[in-house]
Ligand SMILES: [Zn+2]
């Protein structure tokens, strides 16, 4: 099983939400929700073409199965809308009898229009905001993919960047003094350029079975 570096995925997603804007317009001007940073928490990814949709963005964020590049690939199929614009965009007159909420949204949109408040998504300003959002997402993707893991976090199955293979583990077992070998855990650690903690953990617990944990918190000792 290949380990995916998902450590930064949540932080990446939060930053994308903070730095992108609703592309919906009100009376041909930028959505006023964009002025209030707190509102961006509630912004939603709206697939532009339903047929191209593979997964919900929020599912991809919470599931361990997906990496940042896979998440980004899906994000690029979407535009970003505040909840109100999302509701307005998703309501269709034909479906309005199907459910109460859509009927309500439809009525409210009509009332707003009577008061000369109109929502739109088809202006060059929408296009401009959308392409700015896409650039933000692409830029943050590069930034977060090149972020190193924090000092005290190491990947499961690695130590000091060295991948611990089953073969390596078998060698450790036979080298260890407690098994009749010649070396202490410190000496084994030095020989393989890994943490002594790691060697000790492997030798006392055994080679780990496949795990859903991708990262482990460990205190590095010199
Ligand atoms: Zn909006």
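The values are calculated or read from the model by the stated rules, or taken from the named source; none is laboratory data. Everything quoted here is computed from the prediction, not taken from an experiment. When we count neighbours, we look across all protein chains shown, and the Cβ atoms used for this are built from the backbone with ideal geometry, even at glycine.
Listed by first and then second residue, the pairs with beta-carbon distance under 7 Å, at least 6 apart or on different chains, first residue in region 128-139 and in the same structural domain as residue 20 (by TED's automatic domain parsing), second in a helix (DSSP H, G or I), are 136/16; 136/19; 137/16; 137/72; 137/75. Only one of 125, 71 is within 16 Å of the ligand (Cβ to nearest atom) and assigned to a helix (DSSP H, G or I). Can you tell me which? Criteria check complete, one pass: 125.
Take the conditions (1) in contact (Cβ under 8 Å) with a residue 40 or more places away in the chain; (2) within 14 Å of the chain's Cα centre (by Cα); (3) surrounded by fewer than 19 Cβ atoms within 10 Å (Cβ to Cβ); residue 58 misses just one of them, which is (1).
Just one of the listed residues (53, 21) is at pLDDT below 95 and assigned by TED's automatic domain parsing to the domain that holds residue 88, namely 53. Filtering region 133-170 to residues that are surrounded by 14 or more Cβ atoms within 10 Å (Cβ to Cβ) and assigned to a helix (DSSP H, G or I) leaves 133, 134, 136, 137, 140, 141, 144, 145, 168, 169. Within region 90-106, residues that are more than 20 Å from residue 45 (Cα to Cα) reach partners that are at pLDDT 70 or above and in a helix (DSSP H, G or I) with beta carbons closer than 6 Å, at six or more positions or on different chains, in the pairs 95/102; 96/102; 96/103; 96/106. Please work out which residue is farthest from the ligand (Cβ to nearest atom), limiting yourself to region 74-95 and to residues that are modelled with pLDDT under 90 and outside any helix (DSSP H, G or I). Per the stated criteria, the residue is 94. Sub-6 Å Cβ pairs linking a first residue in region 75-89 that is assigned by TED's automatic domain parsing to the domain that holds residue 125 to a second residue that is part of a helix (DSSP H, G or I) and within 8 Å of the ligand (Cβ to nearest atom), at least 6 apart or interchain, are 82/33, ordered by first then second residue. Each residue in region 21-45 was checked for being more than 11 Å from the ligand (Cβ to nearest atom) and in contact with a strand residue (DSSP E or B) (Cβ under 6 Å, 6 or more places away or on another chain), and 1 pass.
Scanning region 109-124 turns up one or more residues that are surrounded by 14 or more Cβ atoms within 10 Å (Cβ to Cβ) and free of Cβ contacts under 8 Å to residues at least 60 places away in the same chain. Among the residues of region 171-189, those identified as loosely packed, with under 11 Cβ neighbours inside 10 Å and in a helix (DSSP H, G or I) are 178, 179.
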